[in-house]
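The structure under discussion appears below in the form of structure tokens.
The values are calculated or read from the model by the stated rules, or taken from the named source; none is laboratory data. Worth saying up front: this structure is predicted, and the values here are computed from it rather than measured. Ideal geometry is used to build each Cβ from the backbone, glycine not excepted, and the neighbour counts take in all protein chains shown. To get the accessible areas, we keep the full protein, side chains included, count just its heavy atoms, and leave off ligands, DNA and RNA. Shrake-Rupley method; radii C 1.70, N 1.55, O 1.52, S 1.80 Å.
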Amino acid sequence: MTQAHEEVPSLAAVLDVLDLREAGEDTFVGDSLPQLHGRVYGGQVLAQAVVAAQRTLEGDLARRLVHSLHGYFLRPGDLDEPITFAVERLRDGGSFSARRTHALQRGMPILSMIASFQEVQDGVEHTERMPDVPGPEELPSSVELFGSLDDPTARFLHRNGAFDIRHVNGSLFVGPAPDAEPAQALWMRARAPIPGGQPAQRAVLAFACDQVMLEPALRAHGVSWRSRGISIASLDHAMWWHRDLRLDDWLLYVQESPTAQGGRGLGVAKVFSSDGRLVATMAQEGMLRLPAEG
């Protein structure tokens with residue numbers, strides 16, 4: 001472990017849970033980080049599933065990088081129960097490899113994911129431009145915010161937060177957004193360097209993004225993370241990695257929620273590097289139940 005990680009135990013803990021243990025052919029086991037709500041964090045099990053799938057790419061195939069995933073969260077995970085990751089090798093072609101990963105507790109799946117990996121190749125290229133927003137140095141830090149509040153949840157987030165998040169539109173932790181718009185932008189960066197190259201960077205992005213994907217839906221309906229009576233849970237998640245990225249440098253999330261209905265909300269995010277490259281796109285649908293009006 002590097003000195004940088006010793007100074008940020010929360011990031012070291014994230015990297016530790018992504019370091020899965022082998023438990024047989026194409027089978028791995030991992031543990032979970034503590035959570036206030038008592039359930040396994042969806043981004044954690046998603047990132048662990050990516051790591052498990054990557055571990056089955058051997059020899060020359062190990063150069064292939066994850067470029068897309070589609071996963072379903074099927075059951076709440078138990079924090080005290082190890083998670084078994086069973087990987088199925090669906091295909092190894094000339095340029096692409098596909099893997100299915102089931103995350104299991106007590107023999108039952110809590111997540112089912114298919115991921116695709118590709119050789120680094122040349123090809124046609126174009127990209128959407130990053131919008132013009134204030135830079136992270138102009139915005140308040142989530143680390144400083146949580147450290148300044150006398151609140152048990154804020155203290156937990158300050159102690160366990162592996163990422164510095166800086167909202168362009170203001171944090172939803174302190175209260176609802178002043179304008180009920182189904183969109184937001186934020187900067188995110190790991191609080192210390194992440195070793196391991198692109199496989200590690202891409203897995204950590206899967207870990208990090210789940211915590212903010214449905215925030216635009218909350219903004220649209222005038223509620224915050226501290227609003228009484230809200231119930232939120234990830235149902236499915238899709239990601240596409242377009243270019244190399246570093247989560248230990250600032251990334252800009254440009255987010256929107258196109259729709260919410262039937263107790264579900266959709267969140268979409270485009271992720272840009274600090275130099276303006278579109279590095280990833282993601283979408284998530286979640287259960288979204290808000291307090292009854294009146």
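Its relative contact order, with pairs defined as Cα atoms under 8 Å and 6+ residues apart, puts the chain at 18 percent.
How high is the FRET efficiency from residue 16 to residue 98, r the C-beta distance, R0 22 Å, rounded to 0.05? Approximately 0.20, to the nearest 0.05. Taking every alpha-carbon pair under 8 Å whose residues sit at least 6 apart, segment 227-287 reaches a relative contact order of 43 percent.
Note that segment 117-170 presents 67 Å² accessible area per residue, ligands and nucleic acids not counted, probe 1.4 Å. Under 5 Å between amide H atoms, partner at least 5 residues away or on a different chain: which partners does residue 110 have, H built in plane at 1.01 Å? Placed amide hydrogens put 103, 104, 105 under 5 Å from residue 110. Let's test the formula: R0 of 22 Å, r as the Cβ-Cβ distance of residue 128 and residue 235. What FRET efficiency results, to the nearest 0.05? For residue 128 and residue 235, the calculated efficiency is 0.25. The phi-based Karplus calculation (6.51 cos²θ - 1.76 cosθ + 1.60; θ = phi - 60°) puts the 3J(HN,Hα) values of segment 207-216 at 4, 6, 5, 4, 6, 10, 4, 9, 4, x Hz, whole numbers, x for Gly and Pro.
Each residue of segment 95-106 was assigned a 3J(HN,Hα) from its phi angle through the Karplus curve 6.51 cos²θ - 1.76 cosθ + 1.60 (θ = phi - 60°); the sequence is 10, 10, 10, 10, 9, 10, 10, 10, 9, 10, 10, 6 Hz, with glycine and proline shown as x.
Note on the chain: with charges restricted to the Cβ of Lys and Arg (+1) and Asp and Glu (-1), its dipole about the Cα centre is near 600 debye. Our helix-only sum for the chain, with -39,500 (n - 2.57) per DSSP H run of n ≥ 4 divided by its residues, gives a mean residue ellipticity at 222 nm of -6000 deg cm²/dmol. Within the full protein context, the accessible area of residue 168 is estimated at about 40 Å² for a probe radius of 1.4 Å. Going 7 Å from the Cα of residue 150 toward and past its Cβ, which residues in segment 156-188 have a backbone nitrogen under 19 Å from where you end up? Within reach of a label on residue 150: 156-159, 174-175.
Taking the C-alpha atoms only, the angle from helix 42-55 to the longest principal axis of the chain is near 20 degrees. Given R₀ = 30 Å, FRET efficiency for residue 60-residue 25 by Cβ-Cβ distance, to 0.05? The pair residue 60/residue 25 has a calculated efficiency of 0.90. Apply the a/c threshold of 1.5 to the C-alpha gyration tensor of segment 167-281 and tell me whether it is rounded, prolate or oblate. Prolate.
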